[in-house]
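Heads up, the thing below is written out as structure tokens.
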Amino acid sequence: MAEGIVRANLDVYAITNHNGFYEEDALVEEEVERLLDGTGRQILRITGAEIAFDFEGRRFHANHLCRNKFQRGRNLKIPGNACTFDELMWLRKYCPGVTILNHPIRRPGHVRNSYFDHVRDLVNTGEFEGIEVVNGAISLNAVRHRTPSTGLIKGPIQLFQQIRDNGIKIAAIGGGDAHRGFNRIPLSKGQPEDLQGLNAYDSDNQVGSAITEFCAETPKGLFEEIRMGRTCAVAVHREIRNYVRSAIDGLSLNGLRRYVRAQSQGT
């Protein structure tokens with residue numbers, strides 16, 4: 001995981017374990033620092049967790065990112081396989097930070113039924129600073145994602161555009177959803193071409209397949225940029241870029257490219 005983080009050329013990362021804070025994130029941080037020794041680079045670790053929770057009878061996922069780190073070995077325990085919405089709100093209060101609604105539209109059919117309305121209701125609670133609109137795991141992570149549908153990409157982007165058009169300053173988030181970090185497992189037919197330059201993406205590296213760009217003086221400025229809705233979700237991996245471009249081309253833009261874009265090859 002540490003090697004994947006360094007090779008993805010990130011400034012900030014969060015290992016958001018499912019339903020709990022990752023017990024070994026401090027060890028990953030130490031290894032990242034070891035790999036960066038002598039390079040002049042620094043990468044900020046943010047403490048976070050991916051929480052499954054129920055809302056109006058539907059199951060959702062959220063990343064909660066904490067402003068402060070837990071002391072080593074003192075990570076907060078989150079019991080059970082899923083929280084209630086109220087429990088998620090307690091976590092927001094107990095561990096101040098930002099909460100991201102993850103991959104809100106996971107199936108093409110979700111954009112054509114009541115699920116879409118449930119997601120809008122959830123966002124309208126005002127308890128989420130960001131929404132994941134570009135997810136690297138769509139074409140990289142598991143067997144069910146080996147042959148992704150454009151609906152998995154277009155749905156979250158459509159939702160994000162509707163939310164922004166309604167005047168809500170929610171942030172666009174791009175996440176690798178890596179699960180594995182650096183590895184050499186063949187995950188799709190053929191291997192993507194190498195990208196040249198400082199943002200080169202290793203085709204074996206799931207970390208950094210989709211990223212969140214922001215403008216701040218320090219990496220910790222990410223929190224304020226998310227709160228202000230000024231981030232940009234960027235598709236880095238070739239297969240994801242193609243789907244994101246297709247989704248953007250099929251929507252009325254209204255400034256959408258300020259918030260969602262596909263990285264150009266060679267940049």
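At an R0 of 25 angstrom, the distance between the Cβ atoms of Asp86 and Asn19 translates into a FRET efficiency of 0.95. Placing dummy labels 7 Å off each Cα toward the beta-carbon, the span from Gln42 to Lys69 is 1.2 nm. Taking GluC sites (Glu not before Pro) across segment 7-66, the ones in a DSSP loop with at most 16 further Cβ atoms lying within 10 angstrom of their Cβ are Glu23, Glu24, Glu56. Modelled this way, with points 7 Å down the Cα-to-C-beta line, the labels at Leu251 and Leu35 are 3.2 nm from one another. Short version: ³J(HN,Hα) in whole Hz for each residue of segment 231-243, in order, from phi by Karplus 6.51 cos²θ - 1.76 cosθ + 1.60 (θ = phi - 60°), x for Gly and Pro, what are they? Karplus values, whole Hz, x for Gly and Pro: 8, 10, 8, 10, 8, 9, 5, 4, 5, 5, 4, 4, 5.
Cross-link partners for Lys220 among the aspartates and glutamates, with Cα-Cα distance under 13 Å and sequence neighbours closer than 8 places in the same chain left out: Asp11. Shown in residue order for segment 158-166 are the 3J(HN,Hα) couplings computed by the Karplus curve 6.51 cos²θ - 1.76 cosθ + 1.60 at θ = phi - 60°: 4, 4, 4, 4, 4, 5, 5, 5, 8 Hz (x for Gly and Pro). Once backbone amide H atoms are built at 1.01 Å from N, Asn17 has Tyr22, Glu50 as its partners under 5 Å, excluding neighbours fewer than 5 places away on the same chain. Potential lengthening of the chain between Asn124 and Asn166 amounts to 14.1 nm, from the contour at 0.36 nm per residue minus the alpha-carbon distance.
Coordinate-derived values only; no laboratory data. All figures in this text were calculated on a predicted structure; none of them were measured in a lab. In this analysis, Cβ positions are derived from the backbone assuming ideal geometry, glycine residues included, and neighbour counts consider all displayed protein chains.
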